[in-house]
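Here is the structure we will look at, set down as structure tokens.
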Amino acid sequence: MNAHEIDYQINGTEMQYVEIELDPAESVIAEAGSLMMMDSDIQMQTIFGDGSNENKGLMGKLLGAGKRLLSGESLFMTLFTNHGSRKQTVSFASPYPGKILPMDLAIMGGKLICQKDAFLCAAKGVSVGIELQRKLGAGFFGGEGFIMQKIEGDGLAFVHAGGAICDRVLAPGELIRVDTGCLVAMTQNIEYDIEFVKGVKTAIFGGEGLFFATLKGPGKVWIQSLPFSRLADRVMSASRAGGRKEEGSILGGLGNLLDGDK
């Protein structure tokens, strides 16, 4: 194997974190800001890109960092290494309510395609790059644009998704339609495209957007029930409304006036 072999345990329910056990000299890479805690012999180092191009000189490092910049991520990642003589642990937390999904790239053909902000951490040796959408429709209207994240290698990687997770194994030719924001990840053989919502009234007033993502097998897909964009929209809508909103109240704003809140 090129990637380091790591052991892990996922803890928690709604707000999860992954605890990774490192043998001496083993390392794990992670997105900046995802660290929760680490043992005393774990040392952290900021690196260009994902560290998989460290043997390819400066240009290899710059290329890896540039790919991350194109996908909307930071130029840098953090490398955590066990410099002690015994096993040590380091833990990474999910950024919002949802699930952390362990992905064994060795049994997925060495490649996983996911949304741009899904990657959390991985064993050192796993490469995090970009995947360009070949179809114009998927690129312009797919919610993730032309660029999605590509995770490659033969080690363990961890991605995060919001809410509850549905994983589906699609048979050859089997097709499902999902909201463009609900797609978390897919194996490399899945055919990804965009379909316009049929019917003018449905498209304009249905509240589900103008496009679906179509996923065609063979392969496996992971779908989230709560995309972060949807959660953020609800929070922003509530903050713009201002004041207190009593759910189910027939008085609504009038109740706030009577309370003296406005």
request  = Filter the range 1-12 down to residues that are open to solvent by 60 Å² or more (accessible area, probe 1.4 Å) and in contact (Cβ under 8 Å) with a residue 60 or more places away in the chain and give me whichever is farthest from Glu152 (Cα to Cα).
outcome  = Tyr8
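Filter the range 76-86 down to the residues that are in a loop (DSSP other than H, G, I, E, B), open to solvent by 60 Å² or more (accessible area, probe 1.4 Å) and not charged (D, E, K, R) and list them by number. Full working, then the answer.
Within the range 76-86, the first condition is being in a loop (DSSP other than H, G, I, E, B), and the residues that meet it are 83-86.
With the extra rule that they be open to solvent by 60 Å² or more (accessible area, probe 1.4 Å), the set shrinks to 83, 85-86.
Selection gives His83, Ser85.
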ask   = Which of the residues belonging to the range 13-32 are in contact (Cβ under 8 Å) with a residue 40 or more places away in the chain and surrounded by fewer than 17 Cβ atoms within 10 Å (Cβ to Cβ)?
value = Glu14, Met15, Glu19, Glu21, Asp23, Pro24, Ala25, Ala32
query = Would you call Gly72 modelled with pLDDT under 95, under 14 Å from Ala118 (Cβ atoms) and exposed (fewer than 15 other Cβ atoms within 10 Å of the Cβ)?
reply = yes
task = Select, from Arg230, Arg240, the only residue that is open to solvent by 70 Å² or more (accessible area, probe 1.4 Å), modelled with pLDDT under 90 and within 21 Å of the chain's Cα centre (by Cα).
result = Arg230
remark   = If we ask which residues in the range 144-166 are of a type outside the set (A, V, I, L, M), in a strand (DSSP E or B) and free of Cβ contacts under 8 Å to residues at least 60 places away in the same chain, their number turns out to be 3
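The values are calculated or read from the model by the stated rules, or taken from the named source; none is laboratory data. Small disclaimer: the values here were computed from a predicted structure and weren't measured. No Cβ is skipped: glycine too gets one built from the backbone with ideal geometry, and neighbour counts run over all protein chains shown. We work out accessible area using only protein heavy atoms, side chains counted, and drop any ligands, DNA or RNA first. Shrake-Rupley method; radii C 1.70, N 1.55, O 1.52, S 1.80 Å.
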